Amino acid sequence: MQTKVAFSAKRLLLTLLLCSCSVILLQSFDLSPRAGFLFHLICIAVGLAVSFLFFIPSVVIRVRTGFDFPTLVHRESPRLSPFIAVFYGAYFVYTAVFFLLPYTDMFCKKYFPETSPCFVAALLLISCVYAAAKGTNVITRFGIFLFVFALIANVLMMGGSVSSLSFGSGVVLNGTADELFRGALYFVTPAFIAVIFGFLSGFTKNFRLRQVVLTLILTGVKYAAIMFFVCFALGAYAYRQEYQTFVLSRVAHFGIYSGIESVYLALTTMSVFLIVSLFLCCVGKSVGQSGVLKHIICFAAVIFTLHTCAVYLRPVSELLTDTAVMVGFTFIAAVVVPCAYLIFGRVRLDKKAVGA
């Protein structure tokens, strides 16, 4: 049952911070192997700066009306609601599979090779359906405890790799313009949390713009820290392996104890779980009926079906994991559609105009 109780915006953005961690946790052959650490820092800074721009339409709507985007559409333009619901339903399904595919691939390749990715996806989706039925309030409350776990996990991964640090050519600023574009594009991927914010911010209270800025800064710190240890603790070896953060967790050691792969798995599972659960909550908002179990189950079934097709059909998998397609889709969902609605829908951005 969805609990429609307002909660702190800080809690939602803290949960979105955990969601954005999945980008670096599942990174695999996405970044240039010859680029140095400073080059990666530039890519991170550019990518997250662009991600901030994706937040602006939703922030404007939230601050000036007090509502989230789907609520505003349902109140002001009910005839447009079905079209908005279809478009965003497609977006949430696509993006859920975008993260679910590499997660199940990593899970099966690195931990249980004999397990089917579809079986892993089914188990995760069942837990996400349960969480989405409980509602955003419950998910974000659980996110507080997961944030504490994430801090411990990161301390273990990075602290266990300190003794392996070796500073060398990784400090040099290497990279071409094409590599800069591809690297920056990859680090725009976290902009998907702007769409989640645009859909769920109506549940929140005490929102401030600086909370979004802090969320992206902390995301950048997380990415930079991981890239620092990948570059200087693993070196060129990391870029020859799939899922570099997994490799980092594997080489981490404390005395005679080595390898904390289970911590990495738990952290990655947590991040993907939050993403898919919040997407299912967003689907409810898009159809104007939050927490309706049959809607949640139907969309989870669509996600599972698309994931299964991608597992067995390589062209489908390549399309569903293409970073450029993902960023382009997110740009339309986070920027183009809300801005077009505000401009052409002639919506007045003040609380009195929408009955707040």
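The values are calculated or read from the model by the stated rules, or taken from the named source; none is laboratory data. Just so we're clear, the structure is a prediction, and the values are computed from it rather than from any experiment. Reconstructed Cβ throughout: ideal geometry from the backbone, glycine too, with neighbour counts over all protein chains shown. Ligands, DNA and RNA are stripped out before the accessible areas are found, and what is left, the full protein with its side chains, is counted by its heavy atoms. Shrake-Rupley method; radii C 1.70, N 1.55, O 1.52, S 1.80 Å.
Of all residues being part of a helix (DSSP H, G or I) and of a type outside the set (F, W, Y) in segment 239-248, which is surrounded by the fewest Cβ atoms within 10 Å (Cβ to Cβ)? Just the residue, please. That would be R240.
If the condition is being surrounded by fewer than 18 Cβ atoms within 10 Å (Cβ to Cβ) and over 16 Å from I139 (Cβ atoms), then segment 293-305 contributes K294, I297, C298, A301, V302, T305.
Kindly indicate whether V221 is surrounded by 24 or more Cβ atoms within 10 Å (Cβ to Cβ) and either of a type in the set (S, T, Y) or assigned to a helix (DSSP H, G or I) (or both).
Criteria not met by V221.
Just to be sure before I move on: is V59 of a type outside the set (F, W, Y) and under 20 Å from R11 (Cα atoms) in the structure I sent? Taking the combined requirement at face value, the residue satisfies it. Considering segment 249-279, and only residues there that are open to solvent by 30 Å² or more (accessible area, probe 1.4 Å) and not hydrophobic (A, V, I, L, M, F, W, C), the residue that is nearest to C298 (Cα to Cα) turns out to be T269. Restricting F192, F207 to those that are among the aromatic types (F, W, Y) and in a helix (DSSP H, G or I) reduces the list to F192.
When segment 99-121 is filtered for residues that are among the polar types (S, T, N, Q), closer than 11 Å to V311 by Cα and open to solvent by 20 Å² or more (accessible area, probe 1.4 Å), only S116 remains. Of the helices (runs of 4 or more DSSP H) lying entirely inside segment 250-356, those carrying at least 1 residues that are at pLDDT below 95 and either over 28 Å from L185 (Cβ atoms) or acidic (D, E) (or both) are 261-286, 293-312, 314-320, 337-344.
Taken over segment 59-75, the criterion of being part of a helix (DSSP H, G or I) and either open to solvent by 10 Å² or more (accessible area, probe 1.4 Å) or without any contact (Cβ under 8 Å) to a residue 24 or more places away in the chain (or both) is satisfied by V59, V60, R62, V63, R64, T71, H74, R75.
Can you name every residue in segment 38-58 that is surrounded by 20 or more Cβ atoms within 10 Å (Cβ to Cβ) and either aliphatic (A, V, I, L, M) or more than 19 Å from the chain's Cα centre (by Cα) (or both)? Answer for segment 38-58, where residues must be surrounded by 20 or more Cβ atoms within 10 Å (Cβ to Cβ) and either aliphatic (A, V, I, L, M) or more than 19 Å from the chain's Cα centre (by Cα) (or both): F39, H40, I44, L48.
If you check R182, R141 for being assigned to a helix (DSSP H, G or I), under 29 Å from G328 (Cα atoms) and among the basic types (K, R), only one passes: R182. Please determine whether any residue of segment 124-138 is outside any loop (DSSP other than H, G, I, E, B), buried (at least 17 other Cβ atoms within 10 Å of the Cβ), free of Cβ contacts under 8 Å to residues at least 40 places away in the same chain and not aromatic (F, W, Y). No, segment 124-138 contains no residue that is outside any loop (DSSP other than H, G, I, E, B), buried (at least 17 other Cβ atoms within 10 Å of the Cβ), free of Cβ contacts under 8 Å to residues at least 40 places away in the same chain and not aromatic (F, W, Y). Only residues that are in a helix (DSSP H, G or I) and open to solvent by 50 Å² or more (accessible area, probe 1.4 Å) were counted across segment 144-171, and they come to 13.
Of the residues making up segment 1-31, those that are hydroxyl-bearing (S, T, Y) and open to solvent by 10 Å² or more (accessible area, probe 1.4 Å) are T3, S8, S28.
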